[in-house]
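One structure is given here, and the rest of the page talks about it.
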Amino acid sequence: MTTPTSSDRPPTGAAAERPGAAVASAVRRAPASEPAAPPKTFSFELFPPRTPEIAARMHSIIDRLAAAGPEFISVTFGAGGSSRDKSLDLLDYIEHRTPTTAMGHLTCVGSSYAEANALVREFLDRGITHFLALRGDPPKGAASGEEFLGDLRTASELVQLIHFVQQEREPQRPLDIGGADGAAGAGHDRWVLGRGRQATVCVATYPNGHPQSRGIEQDYDVLLAKEAAGANLAITQLFFHADDYLRFVEGARAHGVTMDILPGILPVTSSARLHRMAELAEEPVPVGLDRSLARARSEGARREIGVAHAAALSFDLLEGGAPGIHLYTQNRIVDPLEVLARVGLVSRSVVEADAAKAAAGSAVTAPVLTVVGEAGAGAGPGAGLASGAGTRVGSASTARMPRAADAVAVRPLPPAVATVVA
């Protein structure tokens, strides 16, 4: 009989008493023969400005966040494409005026195939090759069962379309590999087909289950279908407990999902904001955090509570095996950077340098924003993740986000999951 190693034994003592200890151990454990894990990554989400005052600050906000070295910065779109031009302008600025990769949100609900195709091409024409593909929510007031989905009925189909359009724009091309023995001039010329530049497509996932899901098994099947369609990164909906994420990742791996799953984190600095975020994410309000925020008497105390909670959550996630963290900034700068500094993903000097710039007036700190839904979307955590906000079609850092060259080829959906609603 083989004697179990220390890594095979269940946790004991304090570790055994901690909820999810076995789950965290399973998520982070890797065979000794595997290469060392890549460094942890971080990324940010912004949403387009809704007032001229905030619009005037957006380039400064982007510059300050980009200076921290994120893997990418994603930008949401308002419901029904209401912020289309503003969002595309921000994406263009990120992609071409900073060293950071821009990721655009897209949804397909209610869109024709032609509309979806045209919008993907518009993004690609602007140099945007990284996408967060979402199905999107039903139009406001739509009755249950009412036909509203359009030609593309799931996020998986949108993922396939993005890859199809990109491959059509940049098809395979012949590459000269020299003579018959691989050396130039030896024998006859030889050619192989090289792949054109690939799009990177991220998708959303829901650690505690999608609100319309019949159960967590369906959520695993949907995520697997998205990966089969060509997705190569997933970002989670907002959640408040590390065990929610760790348990979900363990289940997803058991169901065959192999792509990285980034946890989405939001520093919440007021009880009112916490309730609003939980409502958008359709998650229960965490009682302990809510009570602490409600009892705090000053803005400084509330900020410390929110940042400390986000940092503690991030510590547990990273230790448990998360490849990095994705921060829902709500167009803020100071709180997300402070969270990253506390967990060691950026140096304290980054935060200090940003504070010095703000104090010197070379950059203006974004104001505290009241979270007000934009037609029910675009303002919540993850916008598209929480409420389906993305472009309605027709309407470090290295954990690492797959680069364009890593994008997987489009594969047909497995029959068993091809019809599952994303």
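The values are calculated or read from the model by the stated rules, or taken from the named source; none is laboratory data. None of the values given here were measured: they were computed from a predicted structure. We place every Cβ from the backbone using ideal geometry, glycine too, and count neighbours over all the protein chains shown.
Once region 342-356 is narrowed to residues that are part of a helix (DSSP H, G or I) and crowded, with 18+ Cβ neighbours inside 10 Å, the residue that is nearest to the chain's Cα centre (by Cα) is Arg342.
Check Arg273, Arg303 and return the single one that is more than 20 Å from the chain's Cα centre (by Cα), modelled with pLDDT under 95 and either among the acidic types (Asp, Glu) or closer than 24 Å to Thr76 by Cβ (or both).
Values: Arg303 fails: modelled with pLDDT under 95.
Just a single option satisfies the conditions, and that option is Arg273.
Please pick out the residue among Gly251, Gly320 that is modelled with pLDDT of 95 or more, more than 30 Å from Pro49 (Cβ to Cβ), surrounded by fewer than 20 Cβ atoms within 10 Å (Cβ to Cβ) and of a type in the set (Gly, Ala, Ser).
Values: Gly320 fails: surrounded by fewer than 20 Cβ atoms within 10 Å (Cβ to Cβ).
One residue alone meets the criteria, Gly251.
Out of everything in region 194-246 that is of a type in the set (D, E, K, R) and not in a helix (DSSP H, G or I), what residue ends up being surrounded by the fewest Cβ atoms within 10 Å (Cβ to Cβ)?
Within region 194-246, the first condition is being of a type in the set (D, E, K, R), and the residues that meet it are 195, 197, 214, 217, 219, 221, 226-227, 243-244.
Now drop any that are not not in a helix (DSSP H, G or I), which leaves 195, 197, 214.
Numbers: Arg195: 15, Arg197: 13, Arg214: 11.
Ranking the qualifying residues of region 194-246, first place goes to Arg214.
Taking every residue in region 345-361 that is closer than 23 Å to Gly324 by Cβ and pairing it with any residue that is among the small types (Gly, Ala, Ser) and part of a helix (DSSP H, G or I), at least 6 positions away or on another chain, the pairs with Cβ-Cβ distances below 6 Å are Arg348/Ala341; Val351/Ala341.
Being within 20 Å of the chain's Cα centre (by Cα) and crowded, with 19+ Cβ neighbours inside 10 Å is a condition met by at least one residue of region 281-294.
Considering only region 110-118, I want to know if a residue exists there that is among the acidic types (Asp, Glu) and in contact with a Phe, Trp or Tyr (Cβ under 7 Å, 6 or more places away or on another chain).
Residues of region 110-118 that are among the acidic types (Asp, Glu), as a first pass: 115.
Now restrict to residues that are in contact with a Phe, Trp or Tyr (Cβ under 7 Å, 6 or more places away or on another chain): none.
No, every residue in region 110-118 fails to be among the acidic types (Asp, Glu) and in contact with a Phe, Trp or Tyr (Cβ under 7 Å, 6 or more places away or on another chain).
Of the residues Val23, Val27, Val75, the single one that is of a type outside the set (Phe, Trp, Tyr), at pLDDT below 60 and within 22 Å of the chain's Cα centre (by Cα) is Val27.
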